[in-house]
Amino acid sequence: MSRVGVLALQGDVREHMRLLEQLGVDALAVKKPGALDQIDALVIPGGESTTIGKMSVRFGLLDPLRSAIRDGLPTYGTCAGMIFLAGAVTDGDQPLIGALDVVVRRNAFGRQNESFEAPLEISGFETPFHAVFIRAPWIEKVGGEVEVLSSIDDHPVFVRQGHLMATSFHPELTGDGRIHQMLIDSI
Ligand code: GLN
């Protein structure tokens, strides 16, 4: 059986683990570098990207994450996880994995729109995806290898780059497993 890790430093780890288990894979909370050798794919949850970044440095996980992902570990980042996977953020300085060739704007939808839900058209999906956005980022700039699967007002909110995927929104909160299933299918 495939085993999918969920980076368990901060954020909504449980919800991802529950959804992965519902999809029939084994879910493992990743807190130490050694766990990276035991998984076939990785989810980086939402939460607060600055905290996830700082804790990954403190727990000695940043470099092991970078090398596992460079070596091809299929990885999916949601919201703060998308930010942490990115090459750069538009503002500030925070530890990033730097694997996904995008520039991300944090909290991009602004105060009026801090949290909202929207039916999203996603390339390759037959029906819209009910997406929950919470202080969500959007992608400001994509590199040449990055495929945009969904956007809001021309701002990408779902991208794929080889074995990497990232969404601005939180599928683990609504229980629609289609995006997690894409990660599992890529193992
Ligand atoms: N605003 C958070 C950040 O910048 C992300 C919010 C989330 O993950 N729901 O890291």
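What follows is calculated from the coordinates using simple rules that are stated; it is not laboratory data. What you see is a predicted model, and the numbers here were worked out from it, not measured in a lab. Cβ coordinates were reconstructed from backbone atoms using ideal geometry, including for glycine residues, and neighbour counts include every protein chain displayed.
Within the shell of other residues whose beta carbon sits under 13 angstrom from the beta carbon of PRO33, the net charge comes to +2, with Lys and Arg scored +1 and Asp and Glu -1. Taking Cβ atoms as reference points and 13 Å as the exclusive limit, the residues near PHE59 contribute a net charge of +3, counting Lys and Arg as +1 and Asp and Glu as -1. Post the alpha-carbon centroid distance, segment 76-96 to segment 1-72, in whole angstrom. About 15 Å separates the Cα centre of segment 76-96 from the one of segment 1-72.
Between MET1 and LYS141, what FRET efficiency comes out of the Förster formula 1/(1 + (r/R0)^6) with R0 = 41 Å and r the beta carbon distance, rounded to 0.05? E(calc), rounded to 0.05, equals 0.60.
Translational diffusion coefficient of the chain (Stokes-Einstein, Kirkwood radius from Cα pairs, 25 °C, 0.890 mPa s): 153 µm²/s. Using C-alpha pairs under 8 Å with a sequence gap of at least 6, the mean separation divided by the residue count of the chain gives a relative contact order of 19 percent.
Placing pseudo-labels 7 Å out from each Cα toward the beta carbon at LEU23 and GLN112 gives an inter-label distance of 3.5 nm.
The helix-only estimate of mean residue ellipticity at 222 nm for the chain, built from DSSP H runs of length n ≥ 4 each weighted as -39500 (n - 2.57), is -6500 deg cm²/dmol after division by the residue total. You can think of it this way: the chain between THR174 and PHE125 has 16.0 nm of extra reach, that is 0.36 nm per residue less the Cα-Cα gap.
Which residues among segment 6-28 fall inside the zone where the amide N is under 16 Å from a point 7 Å beyond the Cα of SER186, along Cα→Cβ? The answer is 6-7. Only helices reaching 15 angstrom along their own axis (Cα) with mean Kyte-Doolittle hydropathy no lower than -0.5 count here, and not one DSSP H run of the chain does.
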